[in-house]
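The values are calculated or read from the model by the stated rules, or taken from the named source; none is laboratory data. Because the structure is a prediction, the values reported are computed rather than measured. FYI the Cβ positions are ideal-geometry reconstructions off the backbone, even for glycines, and counts take in every protein chain you see.
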Amino acid sequence: MSIAAYKRTIRESESPRQIERRVFLRVTGEMEKHTAEFDGATKKLVRSELLAKGLRGVVAENLKLWSTIKHDLSQPENGLPIQLKAGLISLALFVERQTAIVLGGGAGLGTLVTINQSLIAGLSGAQPGPRG
């Protein structure tokens, strides 16, 4: 099956919510692989090296996802309740600020992972609350 046919099959068989969840699962999983080492590093240089080894691309992709969500939420035809939209837009703005810290070599990758895990749980229909 060609890649185009595969993508078409996914679009036809999954809801937008399921697609969003799958994409966030992939990106979050990639970030999660590096969280302990990145946030545990005591030197900014070590975090910068991890970013240079490929983590920067994953963090940038995460930011792009959140920017897309923020844009979608700001559209008048978005049917989510106003309070939910406002909360998610605020979260997207926080993700932008936290991403700038991480891309600058500061700790906080785990914060982005935790936020994404909460979003994934919401997209899965799980009730928010403490994990574990």
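The residues of segment 45-73 that are within 16 Å of Glu32 (Cα to Cα) and of a type outside the set (A, V, I, L, M, F, W, C), listed by number, are Arg47, Lys53, Gly54, Arg56, Gly57, Glu61, Asn62. Working only within segment 67-104, note down all residues that are assigned to a helix (DSSP H, G or I) and among the polar types (S, T, N, Q). Listed by number, the residues that qualify are Ser67, Thr68, Gln83, Ser90, Gln98, Thr99. Applying a threshold of 9 Å to beta carbon distances and a minimum spacing of six or more residues, or different chains, the list of pairs starting in segment 40-60 at a residue that is at positive phi and ending at one that is buried (at least 16 other Cβ atoms within 10 Å of the Cβ) reads Gly54/Glu30; Gly54/His34. Is there a residue in segment 88-107 that is touching a residue at least 40 places away in the same chain (Cβ under 8 Å), within 17 Å of the chain's Cα centre (by Cα) and within 19 Å of Gln18 (Cα to Cα)? There is no residue in segment 88-107 that is touching a residue at least 40 places away in the same chain (Cβ under 8 Å), within 17 Å of the chain's Cα centre (by Cα) and within 19 Å of Gln18 (Cα to Cα).
Report yes if Leu51 is at pLDDT 95 or above and of a type in the set (A, V, I, L, M), otherwise no.
Numbers: at pLDDT 95 or above: yes; of a type in the set (A, V, I, L, M): yes.
So Leu51 fits the description; yes.
Of all residues assigned to segment 27-39, none qualifies as being assigned to a loop (DSSP other than H, G, I, E, B), modelled with pLDDT of 95 or more and either of a type in the set (A, V, I, L, M, F, W, C) or under 19 Å from the mean Cα position of the chain (by Cα) (or both). In segment 40-61, the qualifying residues are those that are of a type in the set (Val, Ile, Thr) and in a helix (DSSP H, G or I), and the one that is surrounded by the fewest Cβ atoms within 10 Å (Cβ to Cβ) is Val46. Can you confirm whether Lys64 is at pLDDT below 95 and either closer than 26 Å to Ala121 by Cβ or assigned to a helix (DSSP H, G or I) (or both)? No; evaluated as a whole, the condition is false for this residue.
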